[in-house]
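Okay, so here's the structure we're looking at.
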Amino acid sequence: MAKLNMVQAINLALHQEMERDGTVVVLGEDVGLDEGVFRVTAGLLTRFGEARVIDTPLAEAAIVGTSIGMALGGLRPVAEMQFDGFSYLSIPQLEGHASRLRARSQGQRTVPMVLRFPYGGGVRALEHHSEAREVLYAHVPGLKVVIPSGPRNARALLVSAIRDPDPVVFMEPKALYRAFKEEVPEQAEALPLGQAQVVKEGRDLTLVTWGAMLHRSLQAAEEVDRRRGTRTEVVDLLSLAPLDGETVVNSVSRTGRAVVVQESPQSYGPAAEIIARLNDRALDRLEAPVARVSGFDVVTPYFGREKAYIPDAARVARALEHTLDYR
Amino acid sequence: MPLSDLASFQVQRLQVLDQDGKLDQSLEPDLTRAQKLALYRAMLLAREGDQKAIKLQRQGRIGTFGPSTGQEAASTAPAFAMTERDWFVGAFRELGGWLARGMPLENFLWFHNGWEEGSVFPSLGRTLPVNIIVGSQTLHAVGLAYAMKLRGEQDSAVVAFFGDGATSQGDFHEALNFASVWQAPVVFICQNNQWAISLPVGKQTHSRTLAQKAIAYDMPGIQVDGNDALAMFRATQEALARAKAGGGPTLIEAVTYRLMMHTTSDDPTKYRTEAEVQEWWQRDPLKRFRLYLGAQGLLDEAGHAALEAEVKAEVEAAVARFEARRDFKPDAPFDHVFGTPHPELEGQRKTFLRELAQAGGPEARHG
Ligand SMILES: Cc1ncc(C[n+]2csc(CCOP(=O)(O)OP(=O)(O)O)c2C)c(N)n1
Ligand SMILES: [Mg+2]
């Protein structure tokens, strides 16, 4: 086992999957010689050569469109979008084709590709470099959406994403890229897609979140638990689509209270979907309205204001207290 | 039957001042002494401002930005060929052009310190703010040009800037096609600075020139020495005149070089050699224009020293104004979602302000 940060852990998954399976190719802007702007693709060009590690011309729709063709042609492309804000340029290909070819061909054809990109705020970057818009992808039937929360699960989820028969959008919380290290086993491990994890057990309230929000949420939960003697359960979704409703519903059925934390704007966000599932399947177990802590419905503010706009531990803690106090 | 020739094309290159400042008099544009000096001063301001901004970034006083050192002529000279009636549609590496269009340097610094307020300046007029999504602005430029035409504004045209990397985007090709079909009054200026982050232009395209991309759309395309301010002025002036006379769009490939890193987060030693960079320093647009001004008797050593001191003081004054500003309203993002307030969004604003107050006020929360 080695202690790796998330960049190194994702890099390990790429190295091992490319080693294991000669059909895996990596493509994107500056992924080869430059090793990616965050160095996620470090060493790949040297190890696997230009035919499998492709520095493409600058065109996101073309990167994804050609990835679809590669996947149809028997390869397993892992395409990179340089930043979240530029991934939108690939949406016509994702929504129009990647997500639909299985249905269009009645299961005769599949698109086993991964589209990975850094996501979310917190690194004091320019406009379009700090976006949390997972619903744009999670809303599209036929696309899987995965958001890891640490080095070890990032590695294990990416392995599954690459091996998956369907297109997977793999969003990497960039604020976590170098935030901390974790033991990551050398031996390849895979985590199933579409499954959440209970990362802290409790009985008084269920906190549901994912990605970079997990860590500040855990901090808030521990603080509130210490202050009040409560025990908050924390669920890390890991996959936004398909969504593991069962884990969330089971937890809330036991605790009776829930708070959902998302970085993205509030309206039509993942929290709304989670609350709807609770409404469908656990309403009679709820002892308080389900609260959500989210971004606001404003154009992602530049970094001068981002700290004020991205939910922090204090905001989460206030929502926890409020929900615990509800009678 | 033998094949017959339908059409043949050529691609031309324009240079007025060579890299040693030697002038081809037959091509010299018609500029007054004052205009020439003003153009040089504007390029020097862009250079000094850019170098200062790199220092500020290194000291943590601003965030990431893309330096434009070495590319001053390619955006400043076109701005001098434009009037206030023309639209300036930039990307993100046109500091010289923006300053020449009246953007104060402190605005650039606010913008790059994470404040949207940087995009607001008194002489905004027909100058669009920074456009980061590579290539997308070329389409906006065509729409603007169409609007000018429809409104009968015959004294207005649009100048759009973008990089060599942008020519790979569908948007670029779609923009050229629309502009050509509509015969829209727009001038496309591609700053071919040889690199798109780590990708050299030779891997961006298999075409020998970027200018030739105009041929497919049947519009004039010309390669210009982009480090030659006189050539850039001349080419833009001609293209604007043609556009305003109803002659449609033009593509100008400005051959230049990014002497600095892609952005302050980039390490260019990973992908290019120092020898290449040094070679391009020999073609520095400022050095060349200064030699020309010297030869014309417009700027001697003493005059240059005085000008440099003046420009440096101007940069320092801008930095002082940049640092003095504190009035960034925390809830400003709520002001600019829509033009009309909506109760739901106003409710969110209240929540935001309440949370902010609980966190100890804006100072505590600004990052
Ligand atoms: C659509 C899009 N994709 C990716 C990026 C990230 N990015 C910023 S600049 C750049 C290279 C642009 O190259 P070029 O057009 O030659 O302009 P230059 O940076 O050289 O001025 C890239 C890939 C972006 N801003 N927009
Ligand atoms: Mg370039």
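For chain B, modelled as a GNM with alpha-carbon contacts under 10 angstrom, which of B:ALA81, B:ALA145, B:ALA295 fluctuates the most?
Comparing B:ALA81, B:ALA145, B:ALA295 in the GNM, the peak value goes to B:ALA295.
I need the phi-derived Karplus couplings for region A:8-15: 6.51 cos²θ - 1.76 cosθ + 1.60, θ = phi - 60°, integer Hz, Gly and Pro marked x.
5, 5, 5, 4, 4, 4, 5, 4
Please report, to two decimal places, log10 I(q)/I(0) for region A:69-135 at q = 0.18, 0.19, 0.25 Å⁻¹ as given by the Debye formula with identical point scatterers on the Cα atoms and no solvent.
-0.72, -0.78, -1.08
For region A:197-325, place one equal point scatterer on every Cα, skip the solvent, and apply the Debye formula. What is log10 of I(q)/I(0) at q = 0.14, 0.18 Å⁻¹?
Taking Cα atoms of region A:197-325 as identical point scatterers yields -0.55, -0.91.
Three principal axis extents, largest first, for the C-alpha atoms of the protein assembly as shown, in Å?
Taking max minus min along each principal axis of the Cα atoms, the protein assembly as shown gives 86, 71, 51 Å.
With springs connecting C-alpha atoms under 10 Å apart, model chain B as a Gaussian network and identify which of B:ASP327, B:ASP18, B:ASP266 has the largest mean-square fluctuation.
Between B:ASP327, B:ASP18, B:ASP266, it is B:ASP327 that shows the largest mean-square fluctuation.
R0 = 51 Å: FRET efficiency of B:GLN296 with B:GLU153, Cβ-based, nearest 0.05?
Details: r = 36 Å, r/R0 = 0.70.
For B:GLN296 and B:GLU153, the calculated efficiency is 0.90.
Give the span of region A:234-282's Cα atoms along each principal axis, as three whole-Å numbers ordered largest to smallest.
The Cα atoms of region A:234-282 stretch 29, 19, 18 Å along their principal axes.
Taking neighbour counts of Cβ atoms within 10 Å as a proxy for exposure, in what order, fewest first, do B:TRP195, B:TRP281, B:TRP110 appear?
Numbers: B:TRP195 21, B:TRP281 12, B:TRP110 24.
Ascending Cβ contact count within 10 Å gives the list B:TRP281, B:TRP195, B:TRP110.
Over region B:203-285, what number does the Rg to Rh ratio reach, with both radii from the alpha-carbon atoms and Rh per Kirkwood? Intermediate values should be presented prior to the final figure.
Numbers: Rg = 15.8 Å, Rh = 14.9 Å.
Taking Rg over the Kirkwood Rh, I get 1.06.
For region B:135-196, what does the equivalent ellipsoid look like in terms of its semi-axes, each the square root of 5 times an eigenvalue of the Cα gyration tensor, given largest first in whole Å?
Numbers: eigenvalues 101, 26, 11 Å².
Whole-Å semi-axes of the equivalent ellipsoid: 23, 11, 7.
Diagonalise the Cα gyration tensor of region A:2-184 and give the resulting equivalent ellipsoid semi-axes, square root of 5 times each eigenvalue, largest first, whole Å.
On the way: eigenvalues 106, 70, 50 Å².
One finds semi-axes of 23, 19, 16 Å for region A:2-184.
When the helices in the protein assembly as shown are scored as -39500 (n - 2.57) per DSSP H run of 4 or longer and the sum is shared across all residues, what 222 nm value do you end up with, to the nearest 500 deg cm²/dmol? Intermediate values should be presented prior to the final figure.
Numbers: 26 runs with 279 residues, N = 694.
That comes out to -12000 deg cm²/dmol.
Which of A:LYS181/B:LYS329; B:LYS52/B:LYS287; B:LYS203/B:LYS270 have a Cα-Cα distance over 28 Å? Write out the running numbers ahead of the final one.
Working: A:LYS181/B:LYS329 37 Å; B:LYS52/B:LYS287 19 Å; B:LYS203/B:LYS270 16 Å.
Beyond 28 Å between Cα atoms: A:LYS181/B:LYS329.
How long are the semi-axes of the equivalent ellipsoid of region B:113-233, defined as square roots of 5 times the Cα gyration tensor eigenvalues? Whole Å, largest first.
Values: eigenvalues 110, 84, 40 Å².
That gives 23, 20, 14 Å for the three semi-axes.
Taking the Kirkwood radius as the inverse of the mean 1/r across Cα pairs, report the Rg/Rh of region B:173-246. Walk me through the intermediate numbers first.
Values: Rg = 13.3 Å, Rh = 13.5 Å.
Taking Rh as the inverse mean 1/r over Cα pairs, Rg/Rh reads 0.98.
Once phi is turned into θ = phi - 60°, what whole-Hz ³J(HN,Hα) does the Karplus curve with 6.51, -1.76 and 1.60 give for every residue of region A:210-220, x standing for Gly and Pro?
Karplus values, whole Hz, x for Gly and Pro: 6, x, 5, 5, 4, 6, 6, 5, 4, 4, 5.
In nanometres, what is the gap between the two model label sites at A:GLU183 and A:ARG327, each 7 Å from Cα along Cα-to-Cβ?
Each label point lies 7 Å from its Cα, and together they span 4.6 nm.
Provide Rg and Dmax in Å for region B:1-141, with only Cα atoms included in the calculation.
18.8, 72
What share of the DSSP beta bridges in region B:155-236 is antiparallel, in percent to the nearest 5? Walk me through the intermediate numbers first.
Details: 2 of 8 bridges.
Percentage antiparallel, nearest 5: 25.
Have a look at chain A and give its Rg and Dmax from the Cα atoms, expressed in angstrom.
Here Rg and the maximum Cα pair distance are 19.5, 63 Å.
In a GNM of chain B with a 10 Å cut-off on Cα contacts, which of B:LEU199, B:LEU230, B:LEU95 has the highest mean-square fluctuation?
In the Gaussian network model the winner is B:LEU199.
On the principal axes of its Cα set, how long, how wide and how thick is chain B? Give whole Å, largest value first.
Taking max minus min along each principal axis of the Cα atoms, chain B gives 81, 58, 44 Å.
Quick check: from the Cα gyration tensor, does region B:1-75 come out rounded (a/c under 1.5), prolate or oblate? Can you show the working numbers first?
Details: a/c = 4.12, a/b = 1.69, b/c = 2.44.
In terms of gyration-tensor shape, oblate.
Just to confirm the number: angle between the C-alpha axis of helix B:137-150 and the first principal axis of chain B, 0 to 90 degrees, nearest 10?
80 degrees
Just how far, in whole angstrom, is region A:49-88 from region A:221-241 if you go by their alpha carbon centroids?
Using only Cα atoms, the two centres lie 37 Å from each other.
Whole-Hz Karplus ³J(HN,Hα) for region B:50-57, in order, using 6.51 cos²θ - 1.76 cosθ + 1.60 and θ = phi - 60°, x for Gly and Pro?
Taking θ as phi minus 60°, the curve returns 5, 5, 5, 5, 4, 4, 4, 5 Hz for region B:50-57.
All of the numbers you see were taken from the coordinates with simple rules; none came from a lab. Remember, predicted model here, so these are calculated numbers, not experimental data. Every residue, glycine among them, receives a Cβ derived from its backbone with ideal geometry; neighbour counts consider all protein chains shown.
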